[in-house]
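The values are calculated or read from the model by the stated rules, or taken from the named source; none is laboratory data. Note that the structure is a prediction, hence the values are computed from the model and not measured. Because the Cβ atoms are built from the backbone with ideal geometry, glycine has one as well, and the counts that use them run over all protein chains shown. Only protein heavy atoms, including side chains, enter the accessible area calculation; ligands, DNA and RNA are left aside. Shrake-Rupley method; radii C 1.70, N 1.55, O 1.52, S 1.80 Å.
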Amino acid sequence: MTDEISKQYSPKDVEERWYKFWEENGLFSSKVNPQKKPYVVLIPPPNVTGILHMGHALNNTFQDILIRYHRMKGLESLWMPGTDHAGIATQNVVEKSIAKEGLKRQDLGREKFIERVWLWKEKYGSTIIHQLRKIGASCDWSRLRFTMDEEYSKSVVEVFLRLYEKGLIYRGSYIINWCPRCHTALSDEEAAHQPLKGNLYYLRYPLNRDLSSTRGDLPDYIVVATTRPETMLGDTAIAVNPKDKRYKKLVGKTVTLPLINRQIKIIADSMVDMEFGTGAVKVTPAHDPNDYALGKKHNLEFINVMHPDASMNASAGKYEGLERFKAREKILEDLKGMGLLEKIAPHELSAGHCYRCHTIVEPYLSKQWFVKMAPLAKPAIKAVKEGKIKFYPARWTKVYLNWMENIQDWCISRQIWWGHRLPVYYCKGCNDEAGAIVSGVKPKHCPKCGSADIYQDEDVLDTWFSSWLWPFATFYWPQKGLSPKGTLCEEDLKYFYPTSTLVTAAEIIFFWVARMIMAGIEFQGKIPFRDVYIHGTVRDAEGKKMSKSLGNSIDPLEIIKEYGCDALRFSLISITAQGQDVFLSKERFEQGRNFANKIWNASRFIQMNLIPDSVNSDLCIFFKKEDLSLVNRWILSRFYSTLSEVEKYLDKFRFNEAANSLYGFFWHEFCDWYLEIIKPDISNPHNQLIMYKILEKSLRVMHPFMPFITEEIWQKLPHEGESIMVSSWPHLQKQIIDKKAEKEMSVIFEVIACIRNMRLALEIPPGTLDVGVKIYPSDNHNRILLESNLEYIKSLSRAPNLIIGERYQGLGKEYVNVLSGMHISIPLQGLVDIESYKVKIENKILKAQSDIKAKKSMLSNKDFINKAPKEIVEAEKDKLTALEKEVQKLRGVRDGFKA
RNA sequence: GGGCUCAUAGCUCAGUUGGUUAGAGCGUUGCGUUGACAUCGCAAAGGUCAGAGGUUCAAGUCCUCUUGGGCCCACCA
């Protein structure tokens, strides 16, 4: 039967089989259970347009580890999954898809277009949900939500109404970020500022001499500097700093705006930076936020010169119809022809780009809906300051607070079709846009004039206006009773909210995390989660962000195909230090694959050597620790030490440390040492029991990291229960941690390493060379070595026969190596390179002597003796003694060479 | 302009509140396969912890500055 186990772990069928088993047996699902404490993680809902990339793989592996870990620890673990309707992104995708049929959304009309989006969503929207299954995500799929679900939309409307009633939602004309390609307003966060190589254009605006009463000592022009010359068509003033001597005389004068020939005033305002450009700034109140403020303050005219697609409109005169950058060229050309273009200087600037299509956004005056944020931010700041919500790593706290303390109002209306329609209506009869009717349902009659001719606001809400409700809208708030999925809305909310841990990337702290905290406190009166773990960004080997458009991405599904899911997960986790960016190359996944294979083969070895009934549970419980051999006590101790570390690291979100701790234990301690040592005596009942126990428990601890291989092996071993994923996390038995045994084993490792070194250094071929170990009678190493049954070394190194203690006498004439407390010797006849070995010993002596010198000077320092903790001082003293002893022995060895 | 972050072995990176001889993976070199695993084992070489100063009995770790990368925020026309 054991012959059937393949020499190599092949993940393919294993992964599919067990995932199906888990899902079909309902092991992912969770429900209200008063007996247990809940542990809840909300998935950052991927966009329905999403395709699984490495960032998802990393993000969701962290979450799955936490969920599986806490589930095994006996908590009611819920990983709430779902997708985001991603307004602009999805609309763009569908627009592209209908473009293949030669259609624009306007050709279809709103209703038909939305139908197409839903069709698209049904067909492709769950791609990423299926892909998440491939990485082993143990989400409760029965609870899957979508931010455009009918029920979810009710939460969105409810929130809008409540905020409106509180006076926190208002409508107004302001300068917003406008994406001319997507045809919609964007929030400040959605307009990502990126450096741009541009120019600073110096334009001459002719001064109106005829209106001045001066003697002609005025210049012909006032020169303004701008990066966006096309907006000059909308200029309604020029501003200078009142302190600026250069322009003092000009304040109050007028200029003729070239090309348009509008008369505009020169005004003074302290907002103007005298250092920049010429110190005179053109003011375009409808196309720049600063100018807008100036316009309000100085009562200027607001002239919008662009259409929503950023082509010039009628106010642009003869430039009407030109696209903004074409208009720029033309205007510059014309100004140049008129001698009004003074110079062009290269200028680095930063401009907002649409985060969906990367078009340069246009600051644009338009009527939009906003949420007043300051009142919402206040308690959310407090919650974090009081430590109710903690960020890991902690430095993100500052980023969060800094943003929250300077928070701006949130533009929430979007001029697209795919999304939650604003619950706002207008009466055609009144024809009064200011008299908006905010209502959850369409009013039958206008409250003012009684007209039934009522229409809904065309705009939809920002996608994030639904995402920020994720922590409670997923539990159907504010609904009561039975949900469409058969869950109890209020009970669920009460039990699962607040959630436990949020795992996400830094990019969406403002978009999502901060806003969820505000919404949670505002609408539930409670924070939405306790811990926020912010992980790094996945980058390629050159440090570039992995993205499809750059063509540098590594497809996680390809990696799963080639190396297996557990390999993908383990490699990702083990190389990702807390909060640091990850630099990935394909080779990184070999480590995970190799580890999986190691686990596989160690298990295979154990299964091949496991005697039936030797590990039944009766036997397991009734053994006395003292009866166990040193190596068994040692491996038990190391297991529980490792377990303790893994728990400590997981609780602190130091996933890589936890993974590496496990890796080191299982591979280098359990496989390399323990299994090799017990191999010759593997049928010993104690050895049988302990090797099985350590394997089985290790599998459980490794399960959250590598769910598939651990399940596959666990099922083949004697086990209780239906699946490792619902087995219990090993209980940390601190009393089994045996520092003494660990120390004693380290002596043995030292002896063995020493012998191996000697053999290699002396180029002794593998064989049956006798090695003598002489132990000083007074030294307790004697006991350790005798007890440890060093015979095992024979099989380990395939080299020497070891002779211990008295039998050493007369065996070899020369000592060739020393350890504290013992001499190890090999007879020298016939050996080759003694000279090089002597050099090595000489070097060792020199090193030890220099260490001694350093230690002595340390110990003669009164401050050290007085101020350092006693243990440190004692330890240093011991070290000095040991070093001195070693030098003495090394000299003995060196002088012992006579051959 | 403000803030964050990084610089440690040939490469990619760990290193927790300062306290043994600074670690891992990959790579390199040497040795090793008759029954767990060559996706393996044993070992070796390789580091003035970016530079300068400071605090301390003690600094890779804390502070200041410098140099060189990366990121975020901000209304520099």
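To keep it simple, each residue is scored yes or no on (1) buried (at least 21 other Cβ atoms within 10 Å of the Cβ); (2) assigned to a helix (DSSP H, G or I).
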| site | (1), (2) |
| --- | --- |
| A:Leu132 | yes, yes |
| A:Met148 | yes, no |
| A:Lys154 | no, yes |
| A:Glu158 | no, yes |
| A:Ser173 | no, no |
| A:Ile176 | yes, no |
| A:Ala185 | yes, no |
Given the options A:Ile527, A:Ile599, name the one that is at pLDDT 90 or above, among the β-branched types (Val, Ile, Thr) and touching a Pro at 6+ places or on another chain (Cβ under 9 Å). A:Ile527
Kindly provide the set of residues from segment A:646-687 that are assigned to a helix (DSSP H, G or I), within 25 Å of A:Arg71 (Cα to Cα) and open to solvent by 60 Å² or more (accessible area, probe 1.4 Å), ordered by number. A:Lys648, A:Asp651, A:Glu657, A:Asn660
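Tell me whether segment A:351-368 contains one or more residues that are surrounded by 16 or more Cβ atoms within 10 Å (Cβ to Cβ) and farther than 30 Å from A:Tyr201 by Cα.
First, the residues of segment A:351-368 that are surrounded by 16 or more Cβ atoms within 10 Å (Cβ to Cβ): A:351-356, A:360-366, A:368.
Remaining after also requiring farther than 30 Å from A:Tyr201 by Cα: A:368.
Looking for residues that are surrounded by 16 or more Cβ atoms within 10 Å (Cβ to Cβ) and farther than 30 Å from A:Tyr201 by Cα, one finds at least one in segment A:351-368, hence yes.
On the given criteria, is A:Lys37 of a type in the set (Lys, Arg) and either more than 25 Å from the chain's Cα centre (by Cα) or surrounded by 21 or more Cβ atoms within 10 Å (Cβ to Cβ) (or both)? Before the answer, list the steps.
Details: of a type in the set (Lys, Arg): yes; either more than 25 Å from the chain's Cα centre (by Cα) or surrounded by 21 or more Cβ atoms within 10 Å (Cβ to Cβ) (or both): yes.
It is true that A:Lys37 is of a type in the set (Lys, Arg) and either more than 25 Å from the chain's Cα centre (by Cα) or surrounded by 21 or more Cβ atoms within 10 Å (Cβ to Cβ) (or both).
Assess whether A:Lys586 counts as being charged (D, E, K, R) and either near RNA strand B (Cβ under 8 Å from one of its atoms) or surrounded by 15 or more Cβ atoms within 10 Å (Cβ to Cβ) (or both).
Values: charged (D, E, K, R): yes; either near RNA strand B (Cβ under 8 Å from one of its atoms) or surrounded by 15 or more Cβ atoms within 10 Å (Cβ to Cβ) (or both): no.
The answer is no for A:Lys586.
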Only one of these conditions is not met by A:Leu557: (1) under 30 Å from A:Gly50 (Cα atoms); (2) more than 8 Å from RNA strand B (Cβ to nearest atom); (3) open to solvent by less than 10 Å² (accessible area, probe 1.4 Å). Which number is it? (3)
Could you identify the single residue in A:Pro219, A:Pro195 that is farther than 30 Å from A:Gly419 by Cα and within 12 Å of RNA strand B (Cβ to nearest atom)? A:Pro195
Quick one: would you say A:Ile260 is in contact with a helix residue (DSSP H, G or I) (Cβ under 6 Å, 6 or more places away or on another chain), surrounded by fewer than 22 Cβ atoms within 10 Å (Cβ to Cβ) and either of a type outside the set (Asp, Glu) or touching a residue at least 40 places away in the same chain (Cβ under 8 Å) (or both)? yes
Evaluate the following for A:Asp13: is it outside any loop (DSSP other than H, G, I, E, B) and more than 21 Å from A:Asn656 (Cα to Cα)? yes
Looking at this structure, is A:Lys249 more than 25 Å from A:Ala345 (Cα to Cα), within 14 Å of RNA strand B (Cβ to nearest atom) and open to solvent by 40 Å² or more (accessible area, probe 1.4 Å)? no
Condition broken by A:Leu196, with the remaining ones in (1) among the hydrophobic types (A, V, I, L, M, F, W, C); (2) in a strand (DSSP E or B); (3) open to solvent by less than 20 Å² (accessible area, probe 1.4 Å) satisfied: (3)
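Out of the residues in segment A:589-608 meeting the condition of being over 18 Å from A:His668 (Cβ atoms) and of a type outside the set (Lys, Arg), tell me which one is nearest to RNA strand B (Cβ to nearest atom). Don't jump to the end; show me each part of the working.
From segment A:589-608, those over 18 Å from A:His668 (Cβ atoms) are A:589, A:604, A:607-608; that's our starting set.
Checking the rest, the ones that are also of a type outside the set (Lys, Arg) come to A:589, A:607-608.
Working: A:Phe589: 10, A:Gln607: 9, A:Met608: 6 Å.
Looking at residues that are over 18 Å from A:His668 (Cβ atoms) and of a type outside the set (Lys, Arg), I get A:Met608.
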When segment A:357-392 is checked residue by residue, the ones that are over 30 Å from A:Asp309 (Cβ atoms) and of a type in the set (Gly, Ala, Ser) are A:Ala374, A:Ala377, A:Ala380, A:Ala383, A:Gly387
With the first residue restricted to segment A:563-575 and required to be acidic (Asp, Glu), and the second required to be open to solvent by 10 Å² or more (accessible area, probe 1.4 Å), Cβ contacts under 9 Å at 6 or more apart or on different chains are A:Asp566/A:Tyr9; A:Asp566/A:Pro11; A:Asp566/A:Glu15; A:Asp566/A:Arg593
Cβ-Cβ under 7 Å pairs, at least 6 apart or on other chains, segment A:94-105 side at negative phi, far side part of a loop (DSSP other than H, G, I, E, B): A:Arg105/A:Trp417
Here are some conditions: (1) assigned to a strand (DSSP E or B); (2) small (Gly, Ala, Ser); (3) on the phi > 0 side of the Ramachandran plot. A:Ser77 meets all but one. Which one does it not meet? (3)
Every residue from segment A:73-82 that is out of contact with any His (no Cβ under 6 Å at 6 or more places or on another chain) and open to solvent by less than 10 Å² (accessible area, probe 1.4 Å): A:Leu78, A:Trp79, A:Met80, A:Pro81, A:Gly82
Filter segment A:316-331 down to the residues that are surrounded by fewer than 16 Cβ atoms within 10 Å (Cβ to Cβ) and among the small types (Gly, Ala, Ser), then identify the one that is nearest to A:Leu259 (Cα to Cα). A:Gly317
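Return the total of residues in segment A:320-342 being of a type in the set (A, V, I, L, M) and closer than 17 Å to A:Arg181 by Cβ. Outline the logic, then answer.
Step one: list which residues in segment A:320-342 are of a type in the set (A, V, I, L, M), which gives A:322, A:327, A:331-332, A:335, A:338, A:340-341.
After this cut, where a residue has to be closer than 17 Å to A:Arg181 by Cβ as well, the list is A:322, A:327.
Matching residues across segment A:320-342 total 2.
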Test A:Ser727 against the criterion of being touching a residue at least 40 places away in the same chain (Cβ under 8 Å) and either open to solvent by 20 Å² or more (accessible area, probe 1.4 Å) or in contact with a helix residue (DSSP H, G or I) (Cβ under 7 Å, 6 or more places away or on another chain) (or both), and give yes or no. yes
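Which of the residues belonging to segment A:268-299 are part of a strand (DSSP E or B) and surrounded by fewer than 21 Cβ atoms within 10 Å (Cβ to Cβ)? If you could, list the steps in order and put the result at the bottom.
Step one: filter segment A:268-299 for residues part of a strand (DSSP E or B), giving A:268, A:280-283.
Answer for segment A:268-299, where residues must be part of a strand (DSSP E or B) and surrounded by fewer than 21 Cβ atoms within 10 Å (Cβ to Cβ): just A:Ala268.
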Working carefully through the options A:Glu645, A:Glu711, A:Glu657, A:Glu676, find the one that is more than 10 Å from RNA strand B (Cβ to nearest atom) and either at pLDDT below 90 or within 30 Å of A:Ser574 (Cβ to Cβ) (or both). A:Glu711
